[in-house]
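Participant: Handing you a structure now.
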Amino acid sequence: MTPAAASIDDFAAAPTTSSTPVLELRDIRQVYGEGEAAVHAIRGIDLEVTGGDYVAIMGPSGSGKSTLMNLLGCLDIASSGQYLLGGVDVSSLDDRALAKVRNEQIGFVFQSFNLIPRMTALSNVELPLIYGGVKRAERRQLAREALELVGLADRVNHLPQALSGGQQQRVAIARALVTSPTIVLADEPTGNLDSESTDDVLGILDSLSRAGRTIVVITHENNVGDHAARVLSIRDGLLVADRRNRPLPTVEVAA
Amino acid sequence: MSVFETLRSAFRGITANKLRSALTLLGVMIGVGAVILLLAVGNGSSQRISGLITELGTNTITVRAGSGFGFGGGGGGGGAATTASSSSPKLTLDVANEVAKAGLGHIDAVVPEVQTSLTVANGATSQTSVSVIGTTPNYFTVTTAKVGAGSGFTAADVTSAAKVAVIGSTIANTLFPTGTPVGQTIDVGGNTFTIVGVLATQASVGVNDPNAVVVAPISRVQRSFTGFGAISSMVVEAIDSNSVTAAQGEVSVELNQLLKYNPASLTATAPYTVTNQATLLQTAAQSAQSFTVLLGAVAAISLLVGGIGVTNVMLVTVTERTREIGIRKALGATRSAILGQFLVEAASLTLLGGVLGVVAALFGAQFPINGTQPVVLGYSVPLALGVSVAIGVFFGVYPAARAAAMRPIQALRSI
Ligand SMILES: Nc1ncnc2c1ncn2[C@@H]1O[C@H](COP(=O)(O)OP(=O)(O)OP(=O)(O)O)[C@@H](O)[C@H]1O
Ligand SMILES: [Mg+2]
């Protein structure tokens, strides 16, 4: 990572008292389909994530990791159970309020990047700010800083197809953190990347964590899980283990 | 999201895929242009025909002696007199006067005509086979032959069988190349006539030159040339152009009575034939109308095909962009923000295409097509524009609305 003018602290979280959970799941269940063909992807999960924590979710393929992550990111709505994000029950929100939550509180990083083709890296990063109603000049500035932070200052005007997988994922991370969301969710962010790009991406997540941001990352690679402070294991839609590697990350106070 | 941002992202959407945008534009442009232009061609040709109708006089009917087209017209009164059997009454001047005096409700005037073909001369200059018409003074008011210079003859001229004549412009030009013919004399079949007027030049609709005529009092022409038997024809003027059919009925009934002709009888041959140029031309106008309708149908089909093209492009676009909609929703776009973007995209594309189509059609309508000058119908412009924009916007926005209503993950999963 090249040092950049922008500092990770620009995107630091507002200080949260570690006792209040930023997100809280109560008996969350997700069922796809109906009757005989119903798939119980999540079968009752209770979970609390404290502000500033760095959580990894691990488990075999098909265990329900992505399903859980989509619920956390408000990309999907649970069949039953309660999901409180910053103390607010998400299932009670309408389209407009949900959009606001996705825009302001959540930064989502997908395994497949999900950048909009035919839009430059800068425009892609600007997008959540547009929906957040940020003025053009300020938006530009913030997007540039976010791209600098992920080491892509020299790629701002490139289209996604002109970037490597690792670079595309870094653009996606810049897009996820540009709004300074409450939590950053990453669903196998390194799943499509080689080891070098994986290190880049993990480095960024680590520094975000050090800056106090709450991070939840899905992985089935152990070395990725080792970066996290807390590791959750999922099997068949149930939480089977909850292990803490190290204490809650402490915020490095900027000078 | 502000209006300005909506416009910006719509513009981005349009320029991001130039081929798709160009195809949409082209589809709308062709559809709109074709509708306006085809309707203009149909309208132009029917206007041309109604112009012809007014030129020929819409409120007259012509009754010819004889039971078919073969007997009427230029054969001359004598001819008609010999063909009709002497035992049955013939169409004579008296009969014409009876019709005029019968007080028929839809008839304004009856103009009897005898006609023959003679050589006319001015000194050494002569012209053969000139149509010489004997008639009454109302000939000049009822028929399309109008006096251009000098005057027509009078009722007194008819009573006294005066040797006066009004000549057509072709005769005037041939026999009197220099100077005015009015007041001069002319030799008609050996008799000297004084020229009192010259007819205004008439448009030619058939093979005969309507300006190669000599018009004289009916009494004089009968006395000198045709004899007092049957007349060639009579022109009946209806009170207005809407009464032509009624007038034709009244005249037929009256004539059947006067000529003791029973149209139901199988053995009797009709002693007269009624022709109605207005009706013929109205038929032509009707066929022009159906031509317009046909063109309109073709135009509607091309608009439909253009619309299907636009629909296709729009549907493919939105399906292709459902994932984009999912991403935008995941980043915090509201349903209305996405709808706004797709609405503006579809509306501006189709509107621009439509306006280009209108411009192309208005330009194309400047040039005659197959001899017909297209006349753009006022309503066709908003109609074509409205329909195409409605199609484009509906099929651009409807699938986008469906995608925007999905949960982000549903939209993201679809291809
Ligand atoms: N839209 C859906 N419709 C029906 N079944 C689904 C749907 N999405 C997920 N599932 C099912 O739910 C279960 C959990 O899927 P999920 O994608 O959460 O697994 P995962 O843990 O993310 O697996 P992987 O590691 O392979 O990504 C699977 O059995 C899957 O088939
Ligand atoms: Mg998954």
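Participant: Pick from A:35, A:51, A:191 the residue whose mean-square fluctuation is largest in a GNM of chain A, springs joining Cα atoms under 10 Å.
Facilitator: A:35
Participant: While we're here: Out of A:111, A:51, A:182, whose Cα points farthest toward the positive end of the dipole of chain A (charges: +1 Lys, Arg; -1 Asp, Glu; placed on Cβ)?
Facilitator: A:182
Participant: Also, I was wondering about something else. Along the charge dipole of the protein assembly as shown, pointing to its positive end and built from +1/-1 on Cβ of Lys, Arg, Asp and Glu, which listed residue (A:42, B:41, B:348) has its Cα farthest out?
Facilitator: B:41
Participant: Could I ask something else about it? In chain B, if the dipole is taken from +1 on Lys/Arg beta carbons and -1 on Asp/Glu beta carbons about the Cα centre, which of B:215, B:364, B:7 is farthest to the positive end?
Facilitator: Result: B:7.
Participant: If the only charges are +1 at each Lys and Arg Cβ and -1 at each Asp and Glu Cβ, what is the size of the charge dipole of segment A:117-179 around the Cα centre, to the nearest 20 debye? Present the calculation step by step, with values, prior to reporting the outcome.
Facilitator: Values: 9 positive and 5 negative charges, 35 e Å.
Dipole of segment A:117-179, to the nearest 20 debye: 160 debye.
Participant: If you don't mind, another one. At 1.4 Å probe size, what's the solvent-accessible area of residue A:131? Round to the nearest 10 Å².
Facilitator: Accessible surface of residue A:131 is approximately 30 Å².
Participant: How much length is gained on full extension from residue A:196 to residue A:96, taking 0.36 nm per residue of separation minus their Cα-Cα distance? Walk me through the numbers before you get to the answer.
Facilitator: On the way: separation 100, 0.36 × 100 = 36.00 nm, distance 3.97 nm.
In short, 32.0 nm is gained.
Participant: For chain B, what is the accessible area per residue in Å², given a 1.4 Å probe and the full set of protein chains?
Facilitator: With the other protein chains kept in place, chain B gives 45 Å² per residue.
Participant: Further question: Show me the three semi-axes of the equivalent ellipsoid for segment A:20-81, from the C-alpha gyration tensor (sqrt of 5 times each eigenvalue), largest first, rounded to whole Å.
Facilitator: Square roots of five times the eigenvalues give 23, 13, 9 Å.
Participant: What accessible area per residue, rounded to a whole number of Å², is obtained for chain A using a probe radius of 1.4 Å?
Facilitator: 43
Participant: Here's another thing I want to ask about it. Grab the DSSP H runs of chain B that are 4 residues or longer, score each as -39,500 (n - 2.57), total them, divide by all residues and round the 222 nm result to the nearest 500 deg cm²/dmol.
Facilitator: On the way: 14 runs with 219 residues, N = 415.
Mean residue ellipticity at 222 nm (helix-derived): -17500 deg cm²/dmol.
Participant: Could you work out what % of the accessible surface of the protein assembly as shown is carbon and sulfur, using a 1.4 angstrom probe and leaving DNA, RNA and ligands out of the count?
Facilitator: Here carbon and sulfur together make up 57 percent of the probe-accessible area.
Participant: Determine one quarter of the surface area of the Cα convex hull of segment B:67-270, which equals its mean projected area, and express it in nm² to one decimal. Don't jump to the answer; show the numbers that get you there.
Facilitator: Working: hull surface 47.5 nm².
Quarter of the Cα hull surface area: 11.9 nm².
Participant: Ordering A:58, B:406 by how much accessible area each has at a 1.4 Å probe, largest first, what is the list?
Facilitator: B:406, A:58
Participant: Taking all pairs of different Cα atoms in segment A:117-179, averaging 1/r and flipping that mean, what Kirkwood radius in angstroms comes out?
Facilitator: After inverting the mean inverse Cα-Cα distance, the result is 11.1 Å.
Participant: Here is a further query. How many lysine pairs in chain B, separated by 8 or more positions in sequence or lying on different chains, have Cα atoms less than 24 Å apart?
Facilitator: Eligible lysine pairs with Cα atoms under 24 Å apart amount to 4.
Participant: I've got another one for you. To the nearest 20 debye, what charge dipole does the protein assembly as shown have about its Cα centre, counting +1 at the Cβ of each Lys and Arg and -1 at the Cβ of each Asp and Glu? Spell out each step's value before the answer.
Facilitator: On the way: 44 positive and 47 negative charges, 119 e Å.
Taking the Cα centre of the protein assembly as shown as origin, the dipole is about 560 debye.
Participant: Another question, then. Estimate the FRET efficiency between residue B:370 and residue B:2 by the formula 1/(1 + (r/R0)^6), using the beta-carbon distance for r and 45 Å for R0, to the nearest 0.05.
Facilitator: According to the calculation, E is roughly 0.25.
Participant: Apply 1/(1 + (r/R0)^6) to the Cβ-Cβ distance of residue B:127 and residue B:159, taking R0 = 35 Å, and write down the FRET efficiency to the nearest 0.05.
Facilitator: Working: r = 29 Å, r/R0 = 0.84.
The calculated FRET efficiency here is 0.75.
Participant: Continuing with the same structure: Quick check on the protein assembly as shown: what does the Kirkwood estimate of hydrodynamic radius come out to from the alpha carbon pairs, in Å?
Facilitator: On the way: mean 1/r = 0.0303 Å⁻¹.
When all Cα pairs of the protein assembly as shown are included, the Kirkwood radius is 33.0 Å.
Participant: List, by residue number, every residue in segment B:332-360 with a reduction of 10 Å² or greater in accessible area between the chain on its own and the complete protein assembly, 1.4 Å probe.
Facilitator: B:332, B:333, B:334, B:335, B:336
Participant: At the nearest 100 Å², what buried accessible area, both sides summed, do you get for A and B when the probe is 1.4 Å?
Facilitator: Chains A and B together bury roughly 2400 Å² of accessible area.
Participant: How big is segment B:331-415 along each principal axis, measuring the range of its Cα positions in Å and listing the largest first?
Facilitator: Largest to smallest, the principal-axis extents are 62, 22, 16 Å.
Participant: Averaging over all projection directions, find the projected area of the Cα convex hull of chain B and quote it in nm² with one decimal place.
Facilitator: On the way: hull surface 121.4 nm².
Mean shadow area of the hull around the Cα atoms is 30.4 nm².
Participant: To continue, here is another question. Calculate the dipole size of chain A relative to its Cα centre from +1 charges on Lys and Arg beta carbons and -1 charges on Asp and Glu beta carbons; express the result in debye to the nearest 20. Could the numbers behind the result be given before it?
Facilitator: Values: 23 positive and 31 negative charges, 97 e Å.
Taking the Cα centre of chain A as origin, the dipole is about 460 debye.
Participant: What is the distance in Å between the Cα centres of segment B:98-140 and segment A:84-124?
Facilitator: If we compute the Cα centre of each part, the gap is 94 Å.
Participant: A follow-up question, please. List every residue whose amide H lies under 5 Å from the amide H of residue B:230, counting only residues 5 or more places away in sequence or on a different chain, with H placed 1.01 Å from N in the peptide plane.
Facilitator: B:81
Participant: Quick query: amide H of residue A:22 versus all other amide H atoms, modeled in the peptide plane; which residues come in under 5 Å with a sequence gap of 5 or more or a different chain?
Facilitator: The answer is A:49, A:50, A:51.
Participant: Alpha carbon centre of segment A:187-201 versus segment B:216-267: separation in Å?
Facilitator: 105
The values are calculated or read from the model by the stated rules, or taken from the named source; none is laboratory data. Keep in mind the model is a prediction, meaning the values are calculated, not measured. FYI the Cβ positions are ideal-geometry reconstructions off the backbone, even for glycines, and counts take in every protein chain you see. Just the protein is used for accessible areas: all its heavy atoms, side chains included, with ligands, DNA and RNA removed. Shrake-Rupley method; radii C 1.70, N 1.55, O 1.52, S 1.80 Å.
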